[in-house]
1. Kindly indicate which of Ile100, Ile146 is under 12 Å from the mean Cα position of the chain (by Cα) and either farther than 28 Å from Thr43 by Cα or among the basic types (Lys, Arg) (or both).
2. For region 151-197, name all the residues that are farther than 21 Å from Lys107 by Cα, surrounded by 13 or more Cβ atoms within 10 Å (Cβ to Cβ) and free of Cβ contacts under 8 Å to residues at least 12 places away in the same chain.
3. If the requirement is being part of a helix (DSSP H, G or I), modelled with pLDDT under 95, under 30 Å from Met34 (Cα atoms) and not small (Gly, Ala, Ser), which of these qualifies: Leu86, Leu93?
4. Going through region 96-129 one residue at a time, which ones are outside any loop (DSSP other than H, G, I, E, B) and of a type in the set (Phe, Trp, Tyr)?
5. Select from region 23-57 the residues that are over 27 Å from the mean Cα position of the chain (by Cα) and open to solvent by 70 Å² or more (accessible area, probe 1.4 Å) and write down the one among them that is farthest from Glu82 (Cα to Cα).
6. For region 160-204, which residues satisfy the criterion of being of a type in the set (Asp, Glu), under 17 Å from Ser112 (Cα atoms) and assigned to a helix (DSSP H, G or I)?
7. Search region 28-40 for residues that are within 18 Å of Lys3 (Cβ to Cβ) and pair each with any residue that is among the aromatic types (Phe, Trp, Tyr) and assigned to a helix (DSSP H, G or I) when their beta-carbon atoms are under 6 Å apart and the residues are at least 6 apart or on different chains.
8. Of (1) under 14 Å from the mean Cα position of the chain (by Cα); (2) modelled with pLDDT under 95; (3) closer than 23 Å to Asn125 by Cα, Asn137 satisfies all except one. Which?
Amino acid sequence: MFKKEKFLEEYKKNLKDIPEEKIITPNFSLIGPMIEHLKYKITEDELRKKYAKLISEASNPDGLTKPLLSFDNVLDQLSPYEIELLSLLFSVLPDQVYPIASVKVSKAVGYSQPYKNIPGVAFKNLPFETASVLISNFERLGIVYINPLQYVEPASERYAYLENSLLYQSLQAQCLASREQTNFPYPACEIEKHMFCLTEFGKSFVATVIA
């Protein structure tokens, strides 16, 4: 009961940002799915607060122009940690562009990418593989866009996090040892530089639910 009371308190607090004469009774077909998702997350403080913001948007005529049900589907698939991460990255600077990179290993025939979409931002010392999975999830949900054709300048500085990493240096050493053993120019590893940012959908989602 305490958590339900907290939700109602947070919901009413959000309503204060809407002019009283504009507040409407939300359509249950809109908030019904949100309430269903909230039911399983009401004990998680951060998730509950985000649902309070989202549901209050359904009481605002201006909020009805936003894809609230899509926001609900996205929020339902995010953990409190992922919400915190989105907030750290984009709440203050929604137009920020960040470096991200993949490791490519060229072979005699074709190539492989043993490490893909490794972000160059602080992920609380998460392993590269874990950080990559989180970014991939944001991309899957339509929150971020990874641009494979552009990178962030100055590249020598912004991608040093990967070039100087133990992971990449170890892979380079393996490739070098293999080349010396076979006297063949392959395998050769290199860093493919990209960048990522919020999509337009992601900007609206962050502004409405996260910020």
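1. Testing whether each residue is under 12 Å from the mean Cα position of the chain (by Cα) and either farther than 28 Å from Thr43 by Cα or among the basic types (Lys, Arg) (or both) leaves just Ile146.
2. Matches in region 151-197: Ala160 only.
3. Selected residue: Leu86, the only one of Leu86, Leu93 that is part of a helix (DSSP H, G or I), modelled with pLDDT under 95, under 30 Å from Met34 (Cα atoms) and not small (Gly, Ala, Ser).
4. Tyr98, Tyr111, Tyr115, Phe128
5. My answer is Thr25.
6. none
7. From region 28-40, the pairs are Leu38/Tyr51.
8. Against the list (1) under 14 Å from the mean Cα position of the chain (by Cα); (2) modelled with pLDDT under 95; (3) closer than 23 Å to Asn125 by Cα, Asn137 comes up short only on (2).
The values are calculated or read from the model by the stated rules, or taken from the named source; none is laboratory data. Predicted model, so just to flag it, every value in this text is computed and none were measured. All Cβ positions, even for glycine, are placed from backbone atoms using ideal geometry, and neighbour counts span all protein chains on display. Only protein heavy atoms, including side chains, enter the accessible area calculation; ligands, DNA and RNA are left aside. Shrake-Rupley method; radii C 1.70, N 1.55, O 1.52, S 1.80 Å.
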